[in-house]
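Below is one structure; the comments refer to it alone.
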Amino acid sequence: MSHEIVQLLYLVAAVLFVVGLKRLGSPATARQGNLLSGAGMLLAIGITLVEVGSMPHAPGTPGANPALVWGVIGGGVLLGSGLGLWQARAVKMTSMPQMVALLNGFGGGASLVVGAAEFLKAHETGQNIPLETGVVMQLSLLIGAVTVTGSAIAFAKLQELMSGKAITFPLQNPTNLVIFLVTLALAGWQVSTDVPLMAPFLGVVVAGLVLGVLLVIPIGGADMPVVISLLNSYSGIAAAMTGFVIDNEVLIISGALVGSSGIVLSSIMW
Amino acid sequence: MDLVTSIVIFTLATFLGVELIGRVPPTLHTPLMSGANAVSGITVVGALIVAGGGYSTLVTALGFVAIVLAMMNVVGGYAVTDRMLEMFKSKQGDKR
């Protein structure tokens with residue numbers, strides 16, 4: 001498939017997400033909307049697989065062995081789909097909010113890992129990351145990391161694995177602010193260097209993971225659905241940032257859609 | 001694709017997302033949140049590209065992890081949303 005056809009099919013997938021999300025907002029059309037959105041996802045995955053099949057590979061890399069690449073992809077898709085389907089079937093109807101939190105954490109984790117893989121690719125060769133890619137890469141790592149631990153805490157609170165009460169400590173907000181500023185400084189350090197550095201990369205990821213915990217622990221169990229909706233919005237933004245890093249429109253469009261609709265939904269629920 | 005085009009697309013899609021959520025009845029809040037969560041599994045596209053690049057052993061292994069996580073988000077997300085809406089529909093039926 002030519003690059004143009006791939007891009008146009010990604011656009012079809014994005015339109016299906018838009019129409020699907022719109023229809024999810026009305027009782028009569030909600031189920032159909034979810035199916036349309038699912039069809040868009042299937043299409044996006046299918047096109048990506050076709051695109052992966054035509055990617056060039058340097059000799060001596062794992063990519064030069066097609067059986068290995070397709071084994072990794074096929075194995076990952078089957079394992080992830082199986083686990084996802086099993087969880088969706090096993091969960092009780094009363095546990096839905098924490099289920100969404102858990103799944104959201106997985107999505108944020110995937111964006112974090114993709115961002116990390118892109119960083120390590122550049123780090124292995126010591127090649128310079130362009131400024132704009134560097135900036136969005138730091139954002140995808142940071143937001144992905146916040147989503148992972150934030151969702152995990154939201155899940156733990158609702159599942160009563162930890163106390164659902166708000167956990168507060170003295171100087172909580174100043175502490176969060178200091179950690180956030182340190183994160184910005186680390187990200188700025190990474191972006192301003194000529195070669196990708198391991199220390200600020202790990203620093204941004206760890207700081208993001210810590211921030212995710214600190215931002216959700218002071219919130220009580222009753223307000224958790226609003227937090228989950230907000231974290232859902234974050235995972236969308238993380239996906240959009242990943243889209244900027246790997247230069248992929250469907251990620252940018254869908255991530256932005258989820259990012260903004262999640263914030264609106266949180267404010268409606270509040 | 002150049003950076004400016006990407007920023008234009010991102011900005012317009014952000015405003016479109018705001019417009020998509022109109023007056024949603026409270027019973028649909030959780031399914032809508034769950035449905036939107038499934039869409040954020042689109043990051044699977046990035047995971048597939050990372051794994052498919054076969055760049056190095058470490059990067060390919062990370063690609064595998066990302067695919068598993070993202071597919072759990074996608075398949076679990078759509079399946080769980082459908083379960084919620086299925087219940088919603090039968091509830092409406094009972095009322096009639």
Q: Inspect the range B:23-30 for any residue being buried (at least 24 other Cβ atoms within 10 Å of the Cβ), at the interface with another protein chain (Cβ under 7 Å from one of its Cβ atoms) and at pLDDT below 95 and give the result as yes or no.
A: no
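Rundown of residues vs (1) touching a helix residue (DSSP H, G or I) at 6+ places or on another chain (Cβ under 8 Å); (2) facing chain B (nearest Cβ under 7 Å); (3) over 29 Å from A:Thr168 (Cα atoms), yes/no style:
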| residue | (1), (2), (3) |
| --- | --- |
| A:Leu211 | yes, no, no |
| A:Gly221 | yes, no, no |
| A:Val226 | yes, no, no |
| A:Leu231 | yes, no, no |
| A:Thr242 | yes, yes, yes |
| A:Asn248 | yes, yes, yes |
| A:Ser254 | yes, yes, yes |
| A:Leu257 | yes, yes, yes |
| A:Met269 | yes, yes, no |
Q: Please tell me if B:Gly35 is in a helix (DSSP H, G or I), in contact (Cβ under 8 Å) with a residue 40 or more places away in the chain, at the interface with chain A (Cβ under 7 Å from one of its Cβ atoms) and buried (at least 24 other Cβ atoms within 10 Å of the Cβ).
A: yes
Q. So A:Gly126 fits all but one of (1) out of contact with any Pro (no Cβ under 8 Å at 6 or more places or on another chain); (2) of a type outside the set (A, V, I, L, M); (3) modelled with pLDDT under 95; what number is the exception?
A. (1)
Q: Within the range A:74-92, identify whether any single residue is more than 7 Å from every other protein chain (Cβ to nearest Cβ), of a type in the set (S, T, N, Q) and under 17 Å from B:Thr81 (Cα atoms), and answer yes or no.
A: no
Q) Under the condition of being surrounded by fewer than 18 Cβ atoms within 10 Å (Cβ to Cβ) and of a type outside the set (Val, Ile, Thr), which residue from the range A:191-209 is farthest from A:Leu171 (Cα to Cα)? A) A:Asp194
Q: Select, from A:Val50, A:Val135, the only residue that is more than 17 Å from B:Thr43 (Cα to Cα) and surrounded by fewer than 19 Cβ atoms within 10 Å (Cβ to Cβ).
A: A:Val135
Q.
Restricting to the range A:52-83, and then to whatever is modelled with pLDDT of 90 or more and not hydrophobic (A, V, I, L, M, F, W, C), can you tell me which residue is farthest from B:Ser56 (Cα to Cα)?
A. A:Gly82
Q) Can we say A:Ala240 is in contact with a Ser or Thr (Cβ under 6 Å, 6 or more places away or on another chain), crowded, with 24+ Cβ neighbours inside 10 Å and of a type in the set (Gly, Ala, Ser)? A) no
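The values are calculated or read from the model by the stated rules, or taken from the named source; none is laboratory data. What you are looking at is a predicted structure, and each value in this text was computed from that prediction instead of being measured. A quick note on method: Cβ atoms are made from the backbone with ideal geometry, for glycine too, and the neighbour counts reach across all protein chains shown.
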